[in-house]
């Protein structure tokens, strides 16, 4: 069994130990799936060399220098997610809806010169924005008949290796699913032949408060800096049921194992960028984002239920509620951008993004995190992101209407697996006037994931999960 499979298996199951913050937690909060206005989203987020949009402050803060006036925007969105699964040959899918605010922000422009032809600084701009990057609202169901092992096989092997643990094996012991005889642990149906059903419900977000400053030098060079204050809220409820549907055991009927996790916290980072108009139609942009320095807290609790053929037994066991504070340093990020602006006809823009997920680090005053940080170095690699967007202006034909499209591709962050390679498709349109604008976008996001519900068995059970999310985004903006 390859080592990488053990890494993926930790996704949910290992998160229930008091010190089990792991490499999957680090990746979950290090990957920013950029959000923002409908215009920004419909063009794939390729705004590093464009600017003039509040969302660009989270990509290349030099984009704030493009503004020639002040602006306010607000962006609500409706999200629809679907997760398809295949587990031991059985397919299933489930859906979830969510409503959130993708963006709200202000940009204030302070002119510095009265004459347009005068060389030097033309203006400085100040921006304040709140942008939601990640949406964790998913619900998945996977079920199938496992003829190789069971959850209790995992608990049996874990008890033999580590003894009774308060969040796992001790629960099975108290609910009479794990017993002892002559000093040895035993369970019913260790060889499997049980029907398993898993339900996982997640919610939450990563959103970022942005404070930006930038300027315009001679309408040729633009610069900017952003202080980012991202916040995390992630909640997860995982349930696994196991049933003797074949009637093979005289004592065991079924079990249910519930896990709950809540993570909250915030951090800070810095972004600096530059943008150059090197010709009438060509713009270049570059930006660097420091690591985000997160302070996070986990709260978690597990419960075990058993259904056995006994008259009087404890059918429920609960763990204590656990709490743990820790730090996470995300990777440094570098971006390069190119845009071709064809006057009033339209534009094409491309962003390239580079970061190395093997540089993520978990830290704590009470835990060394040697194993998770070693797993991060061994399992993760560099990721490359390409975002492409385009816009057509139909104002010369019939109305100030803009048609937009975009695509983003993020390569796999894993060294030995293509899991989590992401593709994002987007399209939209906008109506723009001197004093206001209304934009609409549709964004389709897709990725795959292998999920292993438990690890301590010879043949790991695997659920193939296919995630898709559709977002319908509307932006209302005012200018003055």
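Readers should treat all values here as calculations from the given coordinates under stated rules, not as data from a laboratory. Treat the numbers as computed from the prediction; the structure is a model and nothing was measured. When we count neighbours, we look across all protein chains shown, and the Cβ atoms used for this are built from the backbone with ideal geometry, even at glycine.
So the values come out like this:
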read-out: Helix-only CD estimate at 222 nm, as mean residue ellipticity for the chain, using -39500 (n - 2.57) per DSSP H run (n ≥ 4); value: -2500 deg cm²/dmol
read-out: Kirkwood Rh, Cα atoms: Rg over Rh of the chain; value: 1.06
read-out: Gain upon complete extension [residue 110, residue 392; 0.36 nm per residue less C-alpha separation]; value: 98.5 nm
read-out: Kirkwood hydrodynamic radius (C-alpha pairs) into Stokes-Einstein, the stretch 264-404, 25 °C and 0.890 mPa s, D in µm²/s; value: 121 µm²/s
read-out: Length-normalised contact order for the stretch 3-479 - Cα pairs under 8 Å, 6+ apart - percent; value: 19 percent
read-out: Relative exposure of 325, 53, judged by other C-beta atoms within 10 Å (fewest first); value: 325, 53
read-out: Residues 472, 238, 195, sorted so that the one with the fewest Cβ neighbours within 10 Å comes first; value: 472, 195, 238
read-out: Order of 64, 473, 110 under a 10 Å beta carbon neighbour criterion, fewest first; value: 110, 473, 64
read-out: Among 335-346, 215-226, the order from most to least packed when residues are scored by Cβ within 10 Å on average; value: 215-226, 335-346
read-out: In degrees, nearest ten, helix 370-379 long axis to first principal axis of the chain (Cα); value: 60 degrees
read-out: Average Cα contact separation per residue, the stretch 191-249, under 8 Å, 6 or more apart, as relative contact order %; value: 50 percent
read-out: Modelled FRET efficiency - R0 22 Å, residue 93 with residue 446, Cβ distances, 0.05 increments; value: 0.95
read-out: Stokes-Einstein D (µm²/s) once Rh is taken as the Kirkwood radius of the stretch 56-109 over alpha-carbon pairs, at 20 °C in 1.002 mPa s; value: 145 µm²/s
read-out: Percent of C-alpha pairs per 5 Å bin, the stretch 36-166, short to long; value: 2, 9, 12, 12, 10, 9, 9, 7, 6, 7, 6, 4, 3, 2, 1, 1, 0
